[in-house]
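Any read-out appearing in this document is the output of simple, stated calculations on the displayed coordinates, not a laboratory observation. Since the model is a prediction, treat every value here as computed from it, not as a measurement. As a convention, Cβ positions derive from the backbone with ideal geometry for all residues, glycine included, and neighbour counts pool all protein chains shown.
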Amino acid sequence: MDYLQIQGIKSLNGTIEISGAKNASLPLIAMTILAKNSVSIKNLPDVVDIKTLLKLLTNLGATCDFHDDKVLVDTSTITQTKATYDIVKTMRASILVLGPILARFGHCEVSLPGGCAIGQRPIDLHLKALEQMGAKININAGYVEASAPNGLKGCNINFDKITVTGTANIVMAAALADGNTTITNAAREPEVVQLCEILNANGVQIDGIGTAILTVHGTAGKCIDIKEFSVIPDRIEAGTYLCAGAITRCELSLSKVEPKHLGAVLSKLEEMGSSFTITEDTITIHPSQDIKPVKIVTQEYPAFPTDMQAQFLALATQADGVSIIEERLFENRFMHVSELQRMGADITLSGNIATVNGKNQLCGTDVMATDLRASSALVLAALVAEGKTDIHRIYHLDRGYDRLKEKLEAVGAKIQRLKE
Ligand code: UD1
């Protein structure tokens, strides 16, 4: 297994190019199941989760040709409709194939993903919505068995909770359904918006894109032609590198970024003392030498993203004063706290609220990555820690950060990838 070794307290300087968004790429790749043509997708990040989903599609019989940042997916050759445990257990987002496979083939089996490091993460809302669309769902031996021999029917769906992959799954199912499907309390994340925009531009009319009420006009089982498109920039990767600038108090620039998707993140960094120069697709952070404490509550887009909570928690350890960070989306998303404490951070946890008493000089030591975003918080902490930090179990980072070591190294970080 590999680990990262980071030598702290180095100054950073330069420009980091932001990759395509992992969380946009996953539903967009699943969307190719709805296509009758080979679909070309550009600006994909080179991360393990993307390869996992392409492997899942390949196992079903699709052909996936992934080179550089581009993939050509042909799903016309799919012969299997079962997503097996060995793949689903490594990536929960595999559930994204359920809606499109069921819509196209009338049946689908997907292994239940189970819990994960940040909480239970049920899929009940996905299943309830598919049932409303006429699917028969059975849970059998750890698998969701879904069938809709006569196709899915448009209907009104009201999500009790806002769910990102749930919305994407139902939008894709509704795309080939018979009639209109109206989803109320839909997710408005940019990744869901892009999925809707691509479908809308390629023969599936969707009203209300970017709002909490989506109406998908189904094609009654007809597969669609999807023209080549590019994935939007990764707002979480961008936010993480902005935090790298803020925590090291070094000016850093980002290119190929979408500033409009980063409103809540930029506003919290501003509250902490940073300022920015922003163009259409670049952001330069001018960090403050004295970081101010902050209050953060994670919520659905456009509010502050849960996927940036861990990184801001690391940043708050370097603020002068008490920061309060409340996690509202996942019940167990504070695994990084104990690792940051081992580096010398003063953090108290009470339920879903972390109180960070800054500022403390962090010390390099051995720490363990526990989930994707928790891992990047440890990287940020290591950049300002005294001495060396060894971050173990970095397969979590590889799932979602495209060439993180290379990108940080290019702006001056002392970072090595080593074998255990
Ligand atoms: C997606 C993102 C993830 C991000 C999360 C929240 C991808 C691949 N992953 O995850 O990075 O942290 O959104 O922004 O895009 N819930 C239910 N029942 C369901 C579905 C969800 O109770 O059927 C709950 C979840 O447990 C959680 C909340 O709803 O508490 C939001 O989850 P959801 O938006 O579905 O997260 P994901 O789509 O899995």
- request: Could you list all residues from segment 374-411 that are touching a Cys at 6+ places or on another chain (Cβ under 9 Å), in a loop (DSSP other than H, G, I, E, B) and surrounded by 16 or more Cβ atoms within 10 Å (Cβ to Cβ)?
  value: Ala385, Val411
statement: Turns out the strands (runs of 3 or more DSSP E) fully within segment 256-342 with at least 1 residues that are touching a residue at least 60 places away in the same chain (Cβ under 8 Å) and either buried (at least 23 other Cβ atoms within 10 Å of the Cβ) or within 16 Å of the ligand (Cβ to nearest atom) (or both) are none
field: segment 132-161 residues that are within 18 Å of Thr215 (Cβ to Cβ), paired with ones that are within 16 Å of the ligand (Cβ to nearest atom) and of a type outside the set (S, T, N, Q) (beta carbon under 6 Å, 6 or more apart)
entry: Gln132/Ile157; Leu152/Met133; Leu152/Ala173; Lys153/Met133; Cys155/Met133; Ile157/Ala129; Ile157/Ile183; Phe159/Leu125
query: Is there a residue being part of a helix (DSSP H, G or I) and more than 13 Å from the ligand (Cβ to nearest atom) anywhere in segment 10-23?
result: no
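Which of the strands (runs of 3 or more DSSP E) contained wholly in segment 147-227 include at least 2 residues that are in contact with a strand residue (DSSP E or B) (Cβ under 9 Å, 6 or more places away or on another chain) and more than 16 Å from the ligand (Cβ to nearest atom)?
Those strands (runs of 3 or more DSSP E) span 180-184, 213-217.
Could you list, in sequence order, all residues of segment 228-244 that are outside any loop (DSSP other than H, G, I, E, B), crowded, with 21+ Cβ neighbours inside 10 Å and either of a type in the set (Val, Ile, Thr) or touching a strand residue (DSSP E or B) at 6+ places or on another chain (Cβ under 6 Å) (or both)?
Ile236, Ala238, Thr240, Tyr241, Leu242
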query: Would it be correct to say that Ser94 is hydroxyl-bearing (Ser, Thr, Tyr) and touching an Asp or Glu at 6+ places or on another chain (Cβ under 9 Å)?
result: no
- line: The strands (runs of 3 or more DSSP E) lying entirely within segment 45-145 that contain at least 3 residues which are surrounded by fewer than 17 Cβ atoms within 10 Å (Cβ to Cβ) and either away from the ligand (no atom under 13 Å from the Cβ) or among the aliphatic types (A, V, I, L, M) (or both) are 63-67, 136-140
field: Pairs, first free of Cβ contacts under 8 Å to residues at least 40 places away in the same chain in segment 19-48, second not acidic (Asp, Glu), C-beta under 8 Å, six or more apart
entry: Ser38/Thr63; Ser38/Leu72; Ser38/Val73; Ser38/Ser76
- prompt: If a residue has to be touching a Phe, Trp or Tyr at 6+ places or on another chain (Cβ under 9 Å), away from the ligand (no atom under 16 Å from the Cβ) and more than 18 Å from Arg328 (Cβ to Cβ) to count, how many in segment 348-380 make the cut?
  reply: 2
